[in-house]
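Readers should treat all values here as calculations from the given coordinates under stated rules, not as data from a laboratory. Quick caveat, the model's predicted, so the values are computed rather than measured. Please note: Cβ atoms are built from the backbone with ideal geometry, for glycine as well, and neighbour counts cover all protein chains shown.
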Amino acid sequence: MPLPRLKYGDRSVVCPLPQAAVLAPALPDRLPDPVAAVRAALAHPLGTPPLAATVATGERVAIVTSDITRYTASEIYLPVLVEELTRCGIRTTDLSIVIALGIHRRQTEAEHRRILGPLAGRIRVIDHDCDDPGQLVDLGHTPCGLPVQINRHVVEADRVIVTGTVSLHYFAGFGGGRKGLVPGVASRRTCMATHFAIFNPPEIGGKHPGARPGVLAGNPVHEAILAAARMVEPDFLLNTVLTPDKRIADVVCGDLEQAHLAGCARAKALYTVPLEHPADLAVVSCGGHPKDINFIQAHKALDYGVQAVRPGGTVILLAACPDGFGNPTFFDWFRHQELAEFEAALRRRYEINGQTAYATLGKARTWRVILVSGFSAEQTARMGMEKAADLDEALRMAYERLPADAAAVVIPDGGTVLPVVASR
């Protein structure tokens, strides 16, 4: 059996561990024709009428889609979606595509072209700005009291179509669906308020046990995001489910909740991998660019990968991170090196980047994490991890403290595969 190749940025390396189990998704034997799959899903939406019975000539339609950090196959489905809308009588001048940046940076022209594919230059494109009051409309509060402010172009459109991809999410259960709206086109305040639900009440402390990957029922973050997204009253959802090599495995369309749940069931079947016992060592690749474009994105692979390893075991994470940390405030949070102090600081002034930093440090305190990346040794150590120049050095470092017969697993696409240990 050939040794697994692990992606690192735009290149790949061989992992020289022939004895290790390779954890990979349960992919179907045959994948659908991508364009045909999009058309079939549009023709048979779940829980809503088809677009022909939803939109009308003269209406302004906002299509929300993900930014460059989340590949969704948008260059395939957006042209098919626009083709269907024009067939239904919508003029291209009444269409706008809103990039769901959340709190991420604006996109470059080249990134817009990659997202839109053949639509580039034909349809108006708007980058969401979570900090621009002029772009935001206040919709009030959810039943639980969370403030909801949403992009003006989305709120003022006659019809709203949300697109994206369904994948595992490390504390919201699954991505896609309602996340295209919140945090996708929400204010920073709304993003922070919904994500703060990750914590237990102060009298209990710590992270809520339901805020974890692959779980929606009883997940307080999912419930907060969904309640906020419902207030937008979107008309239609189109979500893909992708293979690790970014091909379309499935497409779901229809109601924001019903279609998303169908996509979640499909993603869960593909991307959860059972393990009988936890390993001593996991070698994890994020899956290459753009999944390791920055550390905030790469952290997802770390969060899933540690699920395969016993506490105190070792995780090697390959994450190129050419864009650095992913947000200028992220690294500042590591001024807190004690977890209790860190949690207290987040409760005083919550930031999503701070939550990711807190989660990173928590894992680094539970497992030995060796990071192969472009960060310096000092930056890596501040995040609680150890730096290695490459995979070979990381393996040498790992086996300095592990027996030669240590149980090892290799996860070539750690950003999508969730190990589930039966004994836990």
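Relative to the longest principal axis of the C-alpha atoms of the chain, give the angle of the C-alpha long axis of helix 256-271, reported between 0 and 90° and rounded to the nearest 10°.
Roughly 30 degrees between the two axes.
I need to check one value: relative contact order of region 325-419, counting alpha carbon pairs closer than 8 Å and at least 6 residues apart, in percent.
Answer for region 325-419 is 20 percent.
Rounded to the nearest 0.05, what FRET efficiency do residue 246 and residue 337 have when you use their Cβ-Cβ distance and R0 = 51 Å?
Computed FRET efficiency for residue 246 and residue 337 comes out at 0.85.
Along the Cα→Cβ direction, 7 angstrom out, place labels at residue 14 and residue 390. What is the inter-label distance in nm?
Computed distance between label sites residue 14 and residue 390 equals 1.3 nm.
Can you find, among 116, 64, 234, the residue sitting farthest towards the positive end of the charge dipole of region 34-269, where Lys and Arg contribute +1 and Asp and Glu -1 at Cβ?
Toward the positive end, the furthest listed residue is 116.
So what's the angle, to the nearest 10 degrees on a 0 to 90 scale, between helix 74-87 and the longest Cα principal axis of the chain?
Between the helix axis and the principal axis of the chain, the angle is about 10 degrees.
Could you tell me which of the pairs 7/363; 179/363; 207/363; 363/387 are separated by over 18 angstrom between their Cα atoms in the structure shown? It would help to have the intermediate numbers written out before the result.
Values: 7/363 22 Å; 179/363 25 Å; 207/363 13 Å; 363/387 16 Å.
Too far apart for the 18 Å limit: 7/363; 179/363.
For the chain, with equal point scatterers placed on the C-alpha atoms only and solvent neglected, what are the log10 I(q)/I(0) values from the Debye formula at q = 0.06, 0.10 1/Å, to two decimals?
Evaluating at q = 0.06, 0.10 Å⁻¹ gives log10 I(q)/I(0) of -0.24, -0.67.
Working out 0.36 nm times the residue gap between residue 269 and residue 110, then minus their Cα-Cα distance, what length gain in nm do you get to one decimal?
Working it through step by step, the gained length comes to 53.8 nm.
Hull surface divided by four, with the convex hull built on the Cα atoms of region 34-269: how many nm²?
The orientation-averaged projected area of the Cα hull of region 34-269 comes to 12.3 nm².
Calculate, in whole percent, how much of the Cα-Cα pair population of region 296-424 lies beyond 19 Å.
More than 19 Å apart: 49 percent of the Cα pairs in region 296-424.
Counting pairwise Cα distances across region 136-222, what percent come out greater than 17 angstrom? Please list the in-between numbers first.
Numbers: 1980 of 3741 pairs.
Tail of P(r) above 17 Å: 53 percent of Cα pairs.
Could you tell me what a quarter of the Cα convex hull surface of region 265-332 works out to, in nm² with one decimal place?
Reported value for the Cα convex hull: 5.9 nm².
Each residue of region 88-103 in turn: what ³J(HN,Hα) in whole Hz from Karplus with 6.51, -1.76, 1.60 and θ = phi - 60°, glycine and Pro shown as x?
7, x, 7, 6, 4, 6, 9, 9, 9, 10, 9, 7, 7, 6, x, 9
Per DSSP H run of n ≥ 4, the term is -39500 (n - 2.57); total these for the chain, divide by its residue number, and report the mean residue ellipticity at 222 nm rounded to 500 deg cm²/dmol.
Value at 222 nm, helices only: -8500 deg cm²/dmol.
With 19 Å as the cut-off, how large is the P(r) tail for region 176-317, expressed as percent of Cα-Cα pairs? Let's see the in-between values first.
On the way: 6289 of 10011 pairs.
Summing the P(r) of region 176-317 above 19 Å gives 63 percent of all pairs.
For the chain, what is the relative contact order in percent, using Cα pairs closer than 8 Å and at least 6 residues apart in sequence?
Result for the chain is 19 percent.
Which residues' amide hydrogens lie under 5 Å from the amide hydrogen of residue 173, considering only partners 5 or more residues apart or on another chain, with H built in the peptide plane?
Excluding prolines and chain starts, which carry no amide H, the hits are 212, 214, 215.
What does the extension gain come out to for residue 122 and residue 29, with contour length at 0.36 nm per residue minus their alpha carbon separation?
Result for the pair: 29.8 nm of gain on full extension.
Calculate one ³J(HN,Hα) per residue across region 382-396 by plugging θ = phi - 60° into the Karplus curve 6.51 cos²θ - 1.76 cosθ + 1.60, and present them in order as whole Hz with x for glycine and proline.
Couplings: 4, 7, x, 10, 10, 8, 10, 6, 7, 5, 4, 5, 4, 5, 4 Hz.
Would you mind ranking 285, 74, 12 so that the residue whose beta carbon has the fewest other beta carbons within 10 Å leads the list?
12, 74, 285
For region 121-138, just list the computed ³J(HN,Hα) in residue order, Karplus coefficients 6.51, -1.76 and 1.60, θ = phi - 60°, integers in Hz, with x standing in for Gly and Pro.
x, 9, 10, 4, 10, 10, 8, 5, 10, 6, 10, 9, x, x, 8, 10, 10, 7
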